[in-house]
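Nothing in this text is a laboratory measurement; each read-out follows from the coordinates by a stated rule. No experiment lies behind these values; they were computed from the predicted model shown. Cβ placement follows ideal geometry from the backbone for every residue including glycine, while neighbour counts extend to all protein chains displayed.
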Amino acid sequence: MSRPTRAPRAERQDAERPARAPYAERHDAERAPRPGRGQPPAAAIDDAPAPPRPGAGAGSGAFWIYGQHAVLAALSNPFRKPRRLLTTPDAEATLRERFSGPWRVTPERSERSRFATFLPEDSIHQGIALLAEPLEAVALEDAIEAGEGPVLLLDQVTDPRNVGAALRAAAAFGAACVVLQDRHAPPETGALARAASGALDIVPVVREVNLSRAIAALQKAGFWVMGLAGEATRTLAEAAPRDRRVALVLGAEDSGLRRLQRETCDELVRLPMAEGVESLNVAAAAAVALYEIVRR
C-alpha cells in the first residue's frame with residue numbers, strides 16, 4: 001500500500017522472518033471484519049494531552065497524516081501502524097460514520113486551534129490527524145504479482161504534492177504500484193499523504209536505488225516500458241500494446257527523463273497536445289497516460 005529491493009537483503013529477510021504472502025493476499029487476509037459496534041470512546045477534550053510536535057516521540061520516523069480521506073485510508077490499512085489519533089468532536093462524528101473499525105488507536109478529542117501546534121500553518125486538516133509509522137518496504141515483484149494494472153515509474157520527481165497527486169491518479173486507474181527512486185523522491189510526509197487523498201495507503205509504493213534496473217526487471221517480467229518525452233514521434237495511443245502489460249516512466253517537469261532511463265525504455269512516446277503547450281504537470285501527465293492505457 002514503500003525501500004529498494006536487493007537480492008541479498010531479501011535473502012536476509014527470508015532468514016530472519018517467516019515468508020509472507022503477496023501484498024494483496026496479505027492485505028485481504030490481515031484485514032479484520034469491521035464490526036458495527038464496540039468503537040472506543042474518545043478521550044475528553046480537557047483530558048487530552050498536548051499534541052506532540054512533528055517527530056516528537058516518533059522513534060522510527062512517525063509523522064502526522066491529516067485530512068479525512070488520508071486518515072480514513074491509513075486507519076483502514078492493516079499494515080499502517082497508528083500511534084495517536086486526534087480529532088475535533090465534529091471530525092470524530094464524521095469518522096465514526098465512515099469507519100467502524102477495528103479501532104487500533106483511541107481517538108483523543110482536541111480543539112481545532114491546537115492542530116496549529118503540530119501541523120504546518122497552511123495544513124487543511126479538517127479537524128483530524130493521525131500520528132503513524134511509515135509503511136514497510138514493498139518489493140517490486142510482490143506488487144506486480146498482486147496487481148494486474150500498469151506500473152508507474154517516476155524519475156526524480158521530488159515535490160511531495162506531485163508524487164501524492166500521481167499516487168491518486170494511480171489509484172483511480174488501477175495501477176499495480178508506483179516506483180520511486182530511493183534517493184531522489186520525497187519520504188512519506190503529511191503533505192504527500194494529503195495530496196494523495198488516501199492513495200498512499202491504497203497503492204503499493206516501491207522504492208528502488210537504480211530506476212534503470214527496475215525498468216529491466218519489468219521488461220524481464222513481460223512489461224512493455226514506455227517513457228514519456230515531448231519529442232517522441234509516436235503518441236502513447238499509437239504505441240501502446242494490447243497484448244501485454246505496460247509500464248510508464250515519467251520524468252520531472254524541468255528535466256524530463258534522464259539519459260539512462262531513455263535508453264532503457266522499450267520506446268519513447270508523447271501525449272498529443274495543442275500547439276503552444278510545451279508540457280503538463282507530471283501528475284496531470286500521469287493521469288492522462290494511465291487513462292489512455294486502461295481505456296483500451
*region 140-294: C-alpha gyration tensor shape, a/c 1.5 cut-off, then a/b vs b/c*: rounded
*asked:* Could you check the spin-label model distance between Arg104 and Arg244? Points 7 Å from the Cα along Cα→Cβ, value in nm.
replied: 3.8
*Gain in span if fully extended, His184 to Thr235, counting 0.36 nm per residue against the direct Cα distance*: 15.6 nm
*asked:* Going by amide H atoms built from the backbone, whose H comes under 5 Å of the H on Ile65, apart from near neighbours?
replied: Leu130, Leu131, Ala132
*Using modelled amide H (1.01 Å from N, peptide plane; none on Pro or chain starts), what sits under 5 Å from the amide H of Thr235, excluding residues fewer than 5 places away?*
Arg270
*asked:* Can you give me the long-range amide H partners of Glu108? Hydrogens built in the peptide plane at 1.01 Å from N, cutoff under 5 Å, separation of 5 or more residues or another chain.
replied: Ala43, Leu85, Leu86, Thr87
*Output ³J(HN,Hα) for region 85-98: one whole-Hz value per residue in order, computed from phi by the Karplus curve 6.51 cos²θ - 1.76 cosθ + 1.60 with θ = phi - 60°, and x for Gly and Pro.*
10, 10, 9, 7, x, 5, 5, 5, 4, 5, 4, 5, 5, 9
_Please list, in order along region 267-282, the HN-Hα scalar couplings obtained from phi with the Karplus expression 6.51 cos²θ - 1.76 cosθ + 1.60 (θ = phi - 60°), rounded to whole Hz, x for Gly and Pro._
7, 9, 9, 9, 9, x, 9, 5, 4, x, 9, 7, 7, 10, 3, 4
*What is the local net charge at Ala240, summed over the other residues whose Cβ is closer than 13 Å to its Cβ (Lys, Arg +1; Asp, Glu -1)?*
+2
*Compare the peptides 203-214, 62-73 by average per-residue count of other Cβ atoms within 10 angstrom and give them in order, highest first.*
62-73, 203-214
*Hey, what do the phi angles of region 291-296 turn into as Karplus ³J(HN,Hα) couplings, whole Hz, using 6.51/-1.76/1.60 and θ = phi - 60°, x for Gly and Pro?*
4, 4, 6, 7, 7, 5
